[in-house]
Amino acid sequence: MLSGALIAGLGGAVVGAVGGGTTAWAMASSEAAQVDDGDAVDLNRSHPFYGTGHQGGISTEPQRHTVFMTFRLADAASARSLQTLLARWSAAAAVMQQGKPVGTVQPDNEVAPPTDTGEAFGLSPASLTVTIGLGPALFDGRFGLAAHKPAAFADLPTLNGDTLDPKFTGGELSVQACADDPQVCYHAVRNLARLGRSTVTPFWAVLGFGRTSAGPGQQTPRNLLGFKDGTRNIDTDEQYSKFVWVSGGDQPWMEGGTYQVVRKIRMLLETWDTDRVGNQQRIIGRHKKEGSPLSGRSEKDTPDFAAEDAAGEPVIDPLSHVALAAHENNDGVLIKRRGYNYTDGLDPNGQLNAGLLFISYQNDPQNFVRLQNRLGGHDLLNEYIRHVGSAIFAVPPAPEQGHYVAQALFG
Amino acid sequence: MVNHHSATRSGSRSGPWAAPVLAAATALALSACGSTGDAAKSAPNSSATNPNGVSTVNVTLAEDAGKDACSLDTKTVPAGPVTFTVSNTSAPGVTEMELLKDQRIVGEKENLAPGLDPVSFTVTLDGGKYQIYCPGAASEYLDFAVTGQAAATPTGTVPTILSQGTKEYSAYVVDQVNQLNTATKALDTAVQAGNVADAKAAYAKARPFYERAESSVEGFVLPGFAVDDNAGNLDYLIDMRESTPVDDKVGWKGFHAVERDLWQGGAITPATKALSTELVGNVGHLVTVVAPLQYKPEDLANGAADLIEEVQNTKITGEEEAYSHLDLVDFAGNVEGAQQAYASLRPGLQKIDPALVTTLDQQFQTVLTTLDGYRDAASPGGYRVWTPALRGTDAPKLTAVIQPLHESLGTVAQKVVSAS
């Protein structure tokens, strides 16, 4: 690696097979000259589906795109059909993660419909990961799973600031497909939906086009507010063990699993865009360009919530997003954030309909609940965001080859 | 309108559609469909086998403690000719009765209203289990048994059985188009009389016949016209929608142009009358065109899947009946057409893939049960008006039941081709 980090804190690295690279980051005095080559993508990279301990798409280095879809079970669905579906989804995900189609795109028989829908044919694996989650309603007794419901697992309660739209709330199964090629993501979800057509019905879906979290060595990306997002994220194995992976829980089938919280957060971008930068920074608690805490100079500087300015006012507003979310102010609790920017085009009022598909992983859903209640009640940012969608899913560990996701539920 | 003939069938009429004239409709059952019965002028006798060897069954539709009940005076008759007489004494919510066997409509009566004279139809039945279906009744399906000699199990090779099914389906299409012809003339009578209300009602009654038959739309081409000439494309002339790109040379005409005048304009103009006259003429041509059509088994399979595709692409979306919002009437017509095409393949398919038959039977039943929830005897055509508001709340529910059926029907063609 060349001596790239010309600006402290921007430790860019090339992901994938290349194994190293440059961080050709121009001097800060010339904004227009900044070049992003810190996140080169190797589309030939693939992740295994089986035998990885935890499902992919959680601690996996964040890919650039996602398609997220929730499903509801058909009225006629049975435990058997649910089991079959999870098995077929697992097998299909494994194949697609290798960049292969699910069955033929060109049947020999001219009157047969193609099995695979075809739009990813010839595309590279693009680091696809498929993450399958189970909603709380699956454990209501219809499928004989009530006894397998983890004590910690339930629908999220109504949280402070919730303005949820029922059209984007809940779901009985979730599929998160992440890849560095958006068409690969779309193909994965579309084909799983098709495989499940007699058992599940698609409920709501979000197309995420830019990651808002970084893995080791990746640059911290920006959300649609224009701020870096995900700077102080869960990073180390120790943190994953402590805050993400379920261990020693009441349900053996969830050992090594985690809970996925999904929030569709609409941003009121037009008004945000015309807010003065000083106020934007006060709301977030960080500098816009560098991403450094208002108390520091570089992105990775630890925020100093005690710092005061000359007038004796706190440098970081206690109601800023950073202050309210910081683990220092939340009993040390961290959650793994792995979200994406999304857009739904324009809303009926002609405004940009876009925001953040917030996805977090944690071994105790209450960690999210406490954090969001705090943010929802006080965050200065609330003036510019609306939580319009919400769901929670249990994400079992990855299956071994020859097995399938959540198989232990159907012993 | 199914607008796919030029894209999928390069050989046009010289393809499988133009084979020799079908000698005769062989399906005794289908010949009983719909219009063969005569209104019974006298009160029917109690159920019995009369001296001519014809059994009689009385079906009564009556309001009972707030619910519409469908009842039979006998649940068992011997094999042979059976006359069903249907009386609607007081059930406003039931307007239709069907006799079913293995998904096939063996006989039916529609437009049943309280106070009208009883109507009857006679069919010759083999032994076996049947169902009486009274959509909208408290108990919609009643078991009905015929004792004695069962129909010979289809014998011969699978291709032979499938081929027999295609002949039965031909007869079904001919029957539907003949009924379409009658219903279109009734529409024209109301239009020429300038009666908007009657014309709307007649329009709603005519539409299902076309929607049931249009799976064989690829054959709906007038002799002597190129396959890409809309002037000879009866599907275009009869059923094109405004949303379809209009062919300037031919213009916009047919059912939906009349629909626009009746619902959007709310008036019958000389232009409306001319459209109606032309529609009658084109439906008359269709009667001639469909008579000799023959089908391969995969044509039935593709046709059934195409009809369900139509449901998704133009009915649930509200595109088909953009002015009258009678899309659910057409929806039901498409489903029935698909079901009858499937029923014609079913004996053969049973030998090829019994599990698929079980699945398809269930999926058709799920769709029909869901659709029953939208029946409304007070609405034109017997189903709730598919307003944008209703569509907004209910379209996902209908999509959810129709897609699995479509997925399964999409696999039938390859099965029957492999077996043929």
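The values are calculated or read from the model by the stated rules, or taken from the named source; none is laboratory data. Predicted model only: the values in this text are computed from it and were never measured. As a convention, Cβ positions derive from the backbone with ideal geometry for all residues, glycine included, and neighbour counts pool all protein chains shown. All accessible areas refer to the heavy atoms of the entire protein, side chains included, with ligands and DNA or RNA removed. Shrake-Rupley method; radii C 1.70, N 1.55, O 1.52, S 1.80 Å.
Farthest toward the positive end of the dipole of chain A, out of A:126, A:378, A:111, is the Cα of A:111, where the dipole comes from beta carbon charges about the Cα centre. Surface listing: A:89, B:252 arranged by accessible area from highest to lowest gives B:252, A:89, probe 1.4 Å. Ordering A:307, A:322, A:353 by the projection of their Cα atoms onto the charge dipole of the range A:286-354, which places +1 on the Cβ of Lys and Arg and -1 on the Cβ of Asp and Glu, puts A:353 at the extreme positive end.
Sort chain A into rounded, prolate or oblate with this rule: let a ≥ b ≥ c be the square roots of the eigenvalues of the Cα gyration tensor; rounded if a/c is under 1.5, and if a/c is not under 1.5, prolate when a/b is larger than b/c, oblate otherwise. Prolate shape, in that a/c is at least 1.5 and a/b is the bigger ratio. For the segment A:107-113, counting C-beta atoms of other chains within 10 Å of every residue's C-beta and taking the mean gives 6.
Can you compute the charge dipole magnitude of the range A:46-154 about its Cα centre, using +1 on each Lys and Arg Cβ and -1 on each Asp and Glu Cβ, nothing else charged? Give it in debye, rounded to the nearest 20.
Once rounded to the nearest 20, the dipole reads 400 debye.
Surface listing: A:295, B:379 arranged by accessible area from highest to lowest gives A:295, B:379, probe 1.4 Å. Over all pairs of different C-alpha atoms, the range A:81-184 has a mean inverse distance whose reciprocal, the Kirkwood radius, equals 16.7 Å. For the Cα atoms of chain A, what angle does the longest principal axis make with the long axis of helix A:79-97, in degrees from 0 to 90, nearest 10? Once rounded, the angle reads 60 degrees. Measuring with a 1.4 angstrom probe and ignoring ligands and nucleic acids, residue B:57 comes out at about 0 Å² accessible.
Return the average number of partner chain Cβ atoms within 10 angstrom of each residue Cβ along peptide B:406-417.
What the average comes to for B:406-417 is 3.
Across A:197, A:263, the residue with the most accessible area heads the list, and the full order at a 1.4 Å probe is A:197, A:263. Just to be sure I understand: with springs between alpha-carbon atoms less than 10 Å apart, which residue in A:289, A:264, A:228 has the highest mean-square fluctuation in the Gaussian network model of chain A? The residue that fluctuates most here is A:289.
Look at the alpha carbon pairs under 8 Å that are at least 6 residues apart: their mean separation over the length of the range A:147-221 gives a relative contact order of 21 percent.
Measuring only protein heavy atoms, the 1.4 Å probe finds residue A:47 accessible over about 40 Å². Residue A:69 sits with roughly 30 Å² accessible to a 1.4 Å probe, with DNA, RNA and ligands left out of the calculation.
The charge dipole of chain B, taken about its Cα centre with unit charges on the Cβ atoms of Lys, Arg (+1), Asp and Glu (-1) only, comes to about 600 debye. Descending by average beta-carbon neighbour count within 10 Å, the peptides A:298-311, B:61-74 line up as B:61-74, A:298-311, the highest first.
On a 0 to 90° scale, report how tilted helix A:365-378 is relative to the longest principal axis of chain A, with both axes built from alpha carbons and the result rounded to the nearest 10. Result, in degrees: 40. Compute the Cα gyration tensor for the protein assembly as shown, then decide on rounded, prolate or oblate, letting a ≥ b ≥ c be the square roots of its eigenvalues: rounded whenever a/c is under 1.5, prolate when a/b is larger than b/c in the other cases, and oblate in all that remain. Taking the square roots of the gyration eigenvalues as a ≥ b ≥ c, the protein assembly as shown is prolate. Each Lys and Arg contributes +1 and each Asp and Glu -1, all at the Cβ; summed about the Cα centre of the protein assembly as shown, the dipole is approximately 800 debye. For the residue pairs B:75/B:167; B:67/B:397; B:315/B:397, alpha carbon separations beyond 23 Å are given by B:75/B:167; B:67/B:397.
Seen against the Cα atoms of chain A and their longest principal axis, helix A:182-195 is set at about 30 degrees. Helices that extend 18 Å or more along their long axis by alpha-carbon positions and average at least -1.0 on the Kyte-Doolittle scale are, among the DSSP H runs of chain B, B:158-192, B:196-213, B:270-290, B:297-310, B:327-352, B:354-372, B:388-409. Grab the DSSP H runs of the protein assembly as shown that are 4 residues or longer, score each as -39,500 (n - 2.57), total them, divide by all residues and round the 222 nm result to the nearest 500 deg cm²/dmol. Computed ellipticity for the protein assembly as shown at 222 nm equals -10000 deg cm²/dmol. Taking a ≥ b ≥ c as the square roots of the eigenvalues of the Cα gyration tensor, the range B:317-396 is classed as prolate, since a/c reaches at least 1.5 and a/b is larger than b/c. Remark: the range A:288-301, residue by residue, has Karplus-estimated 3J(HN,Hα) of 5, 6, 6, x, 6, x, 4, 8, x, 10, 10, 3, 7, 4 Hz, where x stands for each Gly or Pro and the curve is 6.51 cos²θ - 1.76 cosθ + 1.60 at θ = phi - 60°.
Cα convex hull, the range B:60-107: 98 Å³ per residue, rounded to a whole number.
Normalised by the number of residues in the range A:107-259, the mean separation of alpha-carbon contacts (under 8 Å, six or more apart) gives a relative contact order of 20 percent.
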